[in-house]
1. At 1.4 Å probe size, with no ligands or nucleic acids counted, give the accessible surface of E52 in Å², nearest ten.
2. Using only the heavy atoms of the protein chains and a 1.4 Å probe, how would H467, H417, H348 rank by accessible area, largest first?
3. Where the accessible area of the chain is counted over protein heavy atoms with a 1.4 Å probe, how much of it, in %, is carbon and sulfur?
4. When only the heavy atoms of the protein chains count and the probe is 1.4 Å, how do M58, M367 rank by accessible area, highest first?
5. Compute from the Cα atoms of segment 350-497 the Rg and the Dmax, the latter being the longest Cα-Cα distance, and quote both in angstrom.
6. Please work out the Cα convex hull volume for segment 408-452 and give it in Å³ per residue.
7. For a quick protection proxy, order the peptides 262-274, 22-34 by their average other-Cβ count within 10 Å, most packed first.
8. Cα-Cα over 22 Å: which of K108/K472; K219/K277; K86/K454; K142/K171; K193/K441?
Amino acid sequence: MESLLDFLDDIPWWGWILVFLLLVAIRDIFFQKAHTISHNFPIVGHLRYWLESIGPEMRQYFVANNREELPFNRIERSWIYASAKKENNYEGFGTDRDIYAHQHVFVKNAMIAYQLPEGHPNTKDPCFLPCAKVIGGYNKRKKPYRPASIINVSAMSFGSLSAAAVESLNKGVEKCGAYHNTGEGGLSPYHKKGGDVIFHFGTGYFGVRTRDGNFSMEKMKILVDENPCIKAVEIKLSQGAKPGKGGVLPGAKITHELAEIRGVEVGKDVISPPTHKAFSNIPELLELIENIAEETGLPVGIKGAVGKLEQWEELANLMKKSGKGPDFITIDGGEGGTGAAPPSFADHVSLPWTYGFTSVYKIFKDMGLTDRIVFIGSGKLGFPAKAAMAFAMGADCINVAREAMMSIGCIQAQVCHTNRCPSGVATQSKWLQKGINVPLKSDRLAQYFKTFRKEFMEITHAAGYEHPCQFKMNDIQVNVDDDYLSSGLEAVYGYQKDEVTFSSMQELYDCSYLGGKPN
């Protein structure tokens with residue numbers, strides 16, 4: 001035994017490396033059957049798999065140019081990061097965009113810009129930019145709500161995002177007067193850190209769920225009564241990343257805390273049904289909306305990605321006949337998605353935001369219903385020029401998801417579905433979450449929103465308006481193609497948005513329903 005130990009002691013360090021490599025080669029050739037490359041090229045074949053695993057990072061940092069990447073290119077990410085950190089977010093030496101590229105957006109400036117009068121709310125606070133409409137105002141809900149920010153946090157649930165990320169977002173919206181949509185994972189303790197909340201539920205009914213997986217009105221009433229931070233309720237019909245398919249939360253992310261909040265089992269994949277049990281058609285959906293509004297006093301809206309339009313038309317017809325209906329409609333673009341989704345759905349099912357929104361808006365415009373509804377856009381709209389286009393089309397607010405994630409540290413690693421998010425934003429790993437400094441990250445979310453609103457107001461004033469709700473379709477021009485070149489949105493999409501009732505920013509400032517105030 002002693003001689004064996006002496007022999008092992010005499011082996012140099014490089015000898016141990018050779019022994020290890022020999023064992024790997026034996027394993028590759030004689031034992032593993034799954035990988036042809038490592039069998040045919042033992043040892044060196046592993047290099048191929050390693051390079052493949054870091055391919056996205058290599059392309060992101062060394063290969064792709066500033067405007068090339070998807071879903072967000074380097075310039076877009078850098079603008080969000082700099083805005084969130086209150087750093088210089090300007091660019092020098094002119095734009096590096098191809099301004100003749102298809103779908104490039106131009107905002108038409110006025111010859112003489114809008115000038116702020118003395119004492120105007122924006123002279124005191126350049127970031128003050130609330131919604132021009134009151135959610136629930138038309139339907140006379142008991143607790144109407146005017147969002148104090150036109151940019152807000154979109155539906156991302158605790159579970160898909162980490163506890164530290166959700167807490168950062170909620171504290172951030174409190175600091176800048178925005179609201180925070182819970183996503184379909186239920187109201188967690190991390191959503192209750194001071195910010196206004198839109199409670200969102202989908203086909204899994206998490207947070208308002210009976211034992212057999214149905215919707216519970218009693219739990220909804222209790223939830224709203226116990227949590228005054230909830231300002232409205234949103235029913236998810238579908239989402240941009242996977243419309244017509246239920247949400248997926250991998251079992252690796254299901255901790256004891258998550259299981260308790262959602263009412264599910266630890267470690268098992270949570271797959272929401274593709275359809276609702278609480279309703280099966282448009283009349284039943286309308287009835288559920290009215291019941292929730294009556295029982296809770298809150299405004300109630302719906303969220304959906306857009307494909308076929310027949311049921312949207314049926315909804316508009318029923319609203320016209322009954323005088324009832326959702327207080328707000330969130331249109332999600334097919335380009336969205338912060339969690340796990342099959343590529344076949346993420347790439348091909350549902351329309352992108354601009355096509356989907358214009359299709360739905362035209363339906364409600366033709367029925368004379370746009371004044372009843374607050375239209376919320378969601379789908380890569382977290383940049384001022386994109387937001388100007390959205391408002392010109394008829395949006396009243398926008399929700400951002402991935403842009404909000406980036407403001408608190410997301411690096412677009414695109415591993416949200418693996419529970420290995422390196423920035424700690426989309427993981428339940430306690431170790432990775434520790435990298436998120438909640439007070440600092442909440443400041444950054446708030447600063448991103450404030451910078452966004454300030455720049456959006458500056459664009460609005462440059463166009464000659466006091467509030468973005470005043471944008472018209474022909475204030476925005478887009479490149480179409482080589483034959484048609486460039487044209488206003490009215491000519492491209494075939495409608496003119498309805499005028500939004502607006503008198504002054506001071507009236508919005510004085511509104512008793514204005515959100516963003518301490519609960």
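1. Solvent-accessible area, nearest 10 Å²: 110 Å².
2. Ranking H467, H417, H348 by accessible area, largest first, yields H348, H417, H467.
3. On the chain, the fraction of accessible area on carbon and sulfur atoms equals 56 percent.
4. Putting M58, M367 in descending order of accessible area: M58, M367.
5. Expressed in Å, the Cα Rg and Dmax of segment 350-497 come to 18.5, 55.
6. Hull volume over Cα atoms, normalised by residue count, gives 69 Å³.
7. Result, highest mean Cβ count within 10 Å first: 262-274, 22-34.
8. K142/K171
The values are calculated or read from the model by the stated rules, or taken from the named source; none is laboratory data. Keep in mind the model is a prediction, meaning the values are calculated, not measured. Quick reminder, even Gly has a Cβ in these numbers, built from the backbone with ideal geometry, and neighbours come from all protein chains shown. Note: areas computed on protein heavy atoms with side chains; ligands, DNA, RNA excluded. Shrake-Rupley method; radii C 1.70, N 1.55, O 1.52, S 1.80 Å.
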